[in-house]
């Protein structure tokens, strides 16, 4: 991408006394140049798409990037169709960029490491003049980049991050999350589990030994125990573990009849594969069929685990088989462009970009504080999850959560999950204060 | 009691994977004096041999099924593997089902070839270079190899199931008189253990009882003298490298059903296999095998609930803790020779 | 000058000038041009250049002089970072206490690790340092100590950042709505002056210059160590440890001193990382991070003075610049070509940039190690020799062993 008109620089350039190739240096402090960090004053605006391009989540990152490119096409009105802009309840966006400025973007690699993610985000802010950073595929990265954006004075629209912390104890005024979280997973899953497996169950948790694992374990434990389940044990597994046999082998001895795998990504693929290998699902314990539950599902994980996911319950933010207008519109434009249906990561990133653009349009300014104000307590529909609220108190979206099950007879490599229930928003809503943390004030930067 | 038997079983199985990888690593080090950081990549390539064979067997042509529609509402295209056309659906299905064991046959020539090319093309220029240079160049190679695999196969793990016949688990507990379901172990992992034992045995027999093995062992002890005797030790070393690559590759092929292969599985195993080799003693084959099983069993015990409750976090650090203790009590690992890799 | 001989003083001055004018040197391409993608003169990357330069200079004191290959140095960097962030949370956002404490804590930890690990040599030493580092990484990632004592020590996966409501006993209370920012007696690390010259724009960042001063001091120290009797002693350990022992000298205290010094350098780098970007995550202690500093040092030229700085610069440049080149950028570059041809070039180039940037780094390691074993320093010398058309005195032999650079 050529950036012929970096707006921030445009200001600087106009300030510089240029003559016949020689110039008298003029010194500016950042303060005097703009009202807020990276204020776009030219004919274009730059967004920063910061996704994992290397490392275990690279495929998820690639799907996020596809969604971002599609969103940019739709915002600029250069795509084959207009995707969710047709179904989005807010009609502020015109398909001529944001506030009439053409949307350009830069990409970076988070490597799923908070250091690399921050380095990449900083280069987008400092070098490329990005006015908004979005993306990511893990909570550690999301929290780190969100804190950076708060300091730098740009908006952060989180990508895939499921930990309660992102909008809980680590929430920031400049950060917004559309994706759901551990608490919602637990609240949505528990009733379905009770309906299908009964209320007299003994659960055994295997939990990845880091923040996301803890919050997920906590959420599922609390909500299943409220249904009458008993938690036999919760064992922490190292993040770097690849073979889970020594954690799974003792499960049957404990007398548990449900195994909950609070794992994500490669951990989940391996632990589920191992659990199925041990034949746990063929066993009869306490005169009940032994069952496995995976609180957070993604299509890529389901693909990695293959046939092992069949019949296993979990939750997900969104799924392409949803029949509402918004989802259909998105699946159609994504599928037409790329030849396969989008993942939930792609969906949340696409929606976040549109929501940001819409908020800017409605606020009439790229100023992070104005954008934040426009997003706070914003209610919208037509983005695939039904009526949704961007809660102002913690910058978390509240919307329907999907409970899904591994499909018994998939018709294609993308058709791995089937929707069991769409849990209504009310059931997964919680009080904004329960996770602690301070939102603070919005920071427009310099 | 049953819990302990179970974890010993577990440890043996884990250890057999460690031992197999470490065996090839220490073989290369012992014979060629090269620290091969690309060994994990060889293991990974082995696993991807299984994936590739599966892909080849499921090569398909598309048939349009007008009665069904895909996600965009167009008529569904159904993939029909060519093996179905050739052998009929039932036979074709069972060929695909058995693709992992079949991949052994496929992997041996591939891995030997990869090993020989690596040795002739790169490693042989590094015999006289410092170990740090060897580490760096093979590390660079490992990165390139895994990125190539990532380019073609993506970053996501690819499920590569074992044949239907090996699904499920075997109930040792019932056999030994414990309650049913207390000591169960998956069939495929038992196969893996036996396979590893077989390969390890074969390598030892090969080195101990064949002329070739004798010459190689002599070369390991004193390369120069063997060269002076007029024996072309270089050629034999090339073959040894191919052999070590094949061992790593086979370990990978058989590992594919245990954990779905991904492009970074080699790096995941690299550090661990080095710890195993060093704990066993650089260049010692029995040391590597013993250390592999030892660390496997200890790791299994450390992951028991009761143990974690007693020493929190022990499962996170056990391997490294054991390595430190062993290296401090036995200066050259379990069975290392003096003067090897100490400068 | 400063007790250096003429050659070393010249080198120091050259490095100082390069550091001073880095914002110009690293930004050679005008804004908006297609080549601007390759500009590295923005604060974050410039800071990283000098900070990882410090890390590599320190590592080189151990590895380049004594030959002991530590595979766990990233742990000291991480420990330094955690120490610094705790200073910022508890004491003050001023970077001075943070940096001092990070050096001290890293020194203490490296003393413990070195004291134990240096009982062994060769690969046994490497594995011991690796094992210690990996243990520390695991403990930090799961915040085991924090969990054990019911508090927070490392913050686990999400790491630590200064929060508005941290105690910070030396600082006045923050203004309403203000975020804590790292500063040096009021000069914020993020403060930048921008200089626009024609279509160029140069950024002069306060944090960068503070890190650069630290780097120059570290570099000066390293020259002094290289030229001191202590340095000579370390070199003799590298060439023949046994013979040193036979002369009745115990090499252990010398190697341990080198280990601790390099650990303190790592701690300084870790502290500066936090000063520039107030956040710590456990990943910076993972073994690949330790491997990275080995690569930087060898890539630049182990045992040379300037090599590690060059190596770290090259690696960080590739990581930050190559990974940001996406297909859209490539399409921009090759748009002047006819369609088929540009598609071809885009496809080829795309193999080595963006999400494939690891391949480029892997290939460059291999090429450098195969063809110029002495790293970038030797490459520079060879090119220099070619240009001045000097007779190359025993180049092929001399290059195999990395000689200290002038």
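Values in this text are rule-based calculations from the coordinates and carry no lab data. Remember, predicted model here, so these are calculated numbers, not experimental data. Heads up, the Cβs are rebuilt from the backbone with ideal geometry, glycines too, and the neighbour counts pull from every protein chain shown.
Structural remarks
- Test item: A:280-286 mean partner chain Cβ contacts at 10 Å: 2
- Cα pair distances exceeding 50 angstrom across the protein assembly as shown, given as percent: 25 percent
- Put the Cα centre of region A:338-379 next to the Cα centre of region B:106-141 and the gap is 50 Å.
- Square roots of five times the Cα gyration tensor eigenvalues for region A:94-235, Å: 37, 17, 11
- Over region B:1-130, all Cα pairs binned in 5 Å intervals from 0 give whole-percent P(r) values of 2, 8, 12, 13, 12, 11, 10, 10, 8, 7, 4, 2, 1, 0, listed from short to long.
- Two-site FRET efficiency, residue B:74 against residue C:163, from Cβ-Cβ distance with R₀ of 45 Å, rounded to 0.05: 0.30
- Shielding score for B:304-312, defined as the mean number of other chain Cβ atoms within 10 Å: 3
- Region B:1-61: C-alpha gyration tensor shape, a/c 1.5 cut-off, then a/b vs b/c: oblate
- Sorting B:273-284, A:162-173, C:15-26 by their mean Cβ neighbour count within 10 Å, with the most densely packed peptide first, gives B:273-284, A:162-173, C:15-26.
- Rg of the Cα atoms in chain A, relative to 2.2 N^0.38 Å, amounts to 1.02.
- Where only DSSP H runs of four or more residues are counted, chain C gives -20500 deg cm²/dmol as its mean residue ellipticity at 222 nm, each run worth -39500 (n - 2.57).
- The long axis of helix B:265-280 is offset from the longest Cα principal axis of chain B by roughly 30 degrees.
- In plain terms, the bigger the Kirkwood radius, the slower the diffusion; for region A:183-316, with that radius from Cα pairs, at 25 °C and 0.890 mPa s, Stokes-Einstein puts D at 171 µm²/s.
- Viscosity 1.306 mPa s, temperature 10 °C, Stokes-Einstein D of region B:237-332 from Kirkwood C-alpha radius, µm²/s: 106 µm²/s
- Taking a ≥ b ≥ c as the square roots of the Cα gyration tensor eigenvalues, region C:6-303 comes out oblate, since a/c reaches at least 1.5 and a/b does not exceed b/c.
- For chain A, the longest principal axis of the Cα atoms and the long axis of helix A:211-226 meet at an angle of about 50 degrees.
- When peptides B:60-68, A:192-200, A:384-392, C:43-51 are sorted by average Cβ neighbour count within 10 Å, with the highest value leading, the order is C:43-51, A:384-392, A:192-200, B:60-68.
- In degrees, nearest ten, helix B:99-121 long axis to first principal axis of chain B (Cα): 40 degrees
- In chain A, the DSSP-assigned H stretches of four residues or longer account for a calculated mean residue ellipticity at 222 nm of -11000 deg cm²/dmol, using -39500 (n - 2.57) per stretch and the full residue count as denominator.
- Enclosing the Cα atoms of region C:44-146 in their convex hull gives a volume equal to 115 cubic angstrom per residue.
- Packing-based ranking of B:154-163, C:136-145, A:150-159 yields A:150-159, C:136-145, B:154-163, ordered from highest to lowest mean Cβ neighbour count within 10 Å.
- For peptide C:348-355, the mean count of partner chain Cβ atoms within 10 Å of a residue's Cβ comes to 3.
- For region A:256-307, the Rg and Dmax computed from alpha carbons only, in angstrom: 11.2, 34
- Cα principal axis extents for chain B, largest first, Å: 74, 52, 37
- Rg/Rg_globular for region C:120-272, with Rg_globular taken as 2.2 N^0.38 Å and Rg from C-alpha atoms: 1.50
- Computed Rg/Rh of region B:172-307, alpha carbon atoms with Kirkwood Rh: 1.06
- Where N is the number of residues in region B:119-250, Cα Rg divided by 2.2 N^0.38 Å: 1.52
- For region A:347-428, the spread of Cα positions along the three principal axes, ordered from largest to smallest, is 50, 28, 18 Å.
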